[in-house]
Amino acid sequence: MSTKSILAEPGPVVGSLPTIPRDAASAPKLELSRQSQRHRLGRGRSRPGSRLLGPLLLLAVWQAAASLGLLDPRLLTGPDAVIRTTWRLIADGTLGENVGTSLWRAVLGLTIGTIAGVVLAIVAGLTRLGEALVDGTLQVKRAIPVLALIPLLILWLGIGEEFKVTIVALGVLIRIYINTYSALTGIDVKYIELAESLRLNRWQYVRSVLVPGALPGFFVGFRLAVVGSWMALIVVETINATSGVGYMMAQAQLYAQSDIILVGLLVYGVFGFTSDALVRLLERRVLSWRRTLAS
């Protein structure tokens, strides 16, 4: 008996396949229709490159103001002049050399600060003794701005590369520690009780409970730390440096070259936006099991 005949003759048939009521057959279609018409409260699907809309709109307004003569070019040049200056600095090698120096300092400080922050968060988050020794100390450090440590660090380390990398690492460490430690200590105790009931060993407990519970907080801290590393770099390269993007901007300030200052700000902005996008991409890959408003 074909499916069509089964649907045409409702009711059980002795000695043959049971028939499927018409209402039961159409139920999945009705459910799908209801789901498609359901009022959704989420943010909808994300669009690739949609985060560029705001910066591009800002550039358009800036260029329009410059073209209409609303801006004093001695104080704020237009985007077209900034692009020409950028090309000139790339051609003579000035921009590439300074960007390479700043990039190396930021990556090195970010790496050291991230490793130190994760290790300290694990020590403080997993043991009461570690919490007593580490958490209070880092909370005190958190209340002290990095800028306030510059005079002391100059006395200890001088104004060389060690000083600049240390400033960046200290800014990164606090952000990583606070968010990872909060995620570790915020794991629901029910998961720990479940792990104890299942008699998981220490390694299984870390892999199945602690790591999945701490990763969301770590990535929040890592995103803040990446942007924070660039902010700390601006400070140290502007105050005491003989190379780097901040140094290039400080030299341009002496000669009132607003276009070069804007090139430096553009470089920092592009690095911050790109690094944040890469961290977001990595976060989505690693935490692919989560379904959130951002996914």
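The values are calculated or read from the model by the stated rules, or taken from the named source; none is laboratory data. On a predicted model such as this, the values are computed, not experimentally measured, just so you know. Ideal geometry is used to build each Cβ from the backbone, glycine not excepted, and the neighbour counts take in all protein chains shown. In case anyone asks, the SASA skips ligands and DNA or RNA and just uses the protein heavy atoms, side chains included. Shrake-Rupley method; radii C 1.70, N 1.55, O 1.52, S 1.80 Å.
Based on a Kirkwood Rh over C-alpha pairs, give the Stokes-Einstein translational diffusion coefficient of the range 157-295 at 25 °C and viscosity 0.890 mPa s in µm²/s.
In µm²/s, the coefficient rounds to 139.
About the Cα centre of the range 80-287, what is the dipole size in debye to 20, counting +1 per Lys and Arg Cβ and -1 per Asp and Glu Cβ, all else neutral?
My answer is approximately 540 debye.
What base-10 log of the normalised intensity I(q)/I(0) is obtained for the range 109-182 from the Debye formula, alpha carbons as equal point scatterers, at q = 0.24 Å⁻¹?
After summing over all Cα pairs, the log10 values are -1.04.
Per the 1.4 Å probe, what fraction of the accessible area of the range 80-287, in percent, lies on carbon and sulfur atoms?
68
Which loop-located trypsin sites (Lys or Arg not before Pro) does the range 45-113 contain, where loop means any DSSP state but H, G, I, E or B and the Cβ has at most 12 other Cβ atoms within 10 Å?
Here the sparse-neighbourhood loop sites are R45, R74.
For the range 48-157, calculate the relative contact order in percent as a whole number, restricting contacts to Cα pairs under 8 Å that are 6 or more residues apart.
Worked out over the range 48-157, it gives 9 percent.
On a full-extension model of 0.36 nm per residue, what is the gain between L129 and L52, subtracting their alpha-carbon distance, rounded to one decimal in nm?
Separation in residues times 0.36 nm, less the Cα-Cα distance, equals 23.1 nm.
Would you mind getting me the FRET efficiency between Y205 and W289? Use the beta-carbon distance for r and R0 = 25 Å, nearest 0.05.
Efficiency, rounded to the nearest 0.05: 0.85.
On average, how much accessible surface per residue is there in the range 80-287, in Å², for a 1.4 Å probe, leaving out ligands, DNA and RNA?
That works out to 54 Å² for each residue.
If you add up the charges near R175, with Lys and Arg at +1 and Asp and Glu at -1, over every other residue whose beta carbon is less than 14 angstrom from its beta carbon, what do you get?
So the surrounding residues net to +2.
Subtract the Cα-Cα distance of S67 and L149 from 0.36 nm times their separation in residues, and report this length gain in nm to one decimal.
Net length gain for the segment: 25.1 nm.
For the full complex of protein chains and a 1.4 angstrom probe, list K141, K190 by accessible area with the highest value first.
K190, K141
Given a Förster distance of 25 Å, report the FRET efficiency between T137 and D188 from their Cβ-Cβ distance, rounded to the nearest 0.05.
0.35
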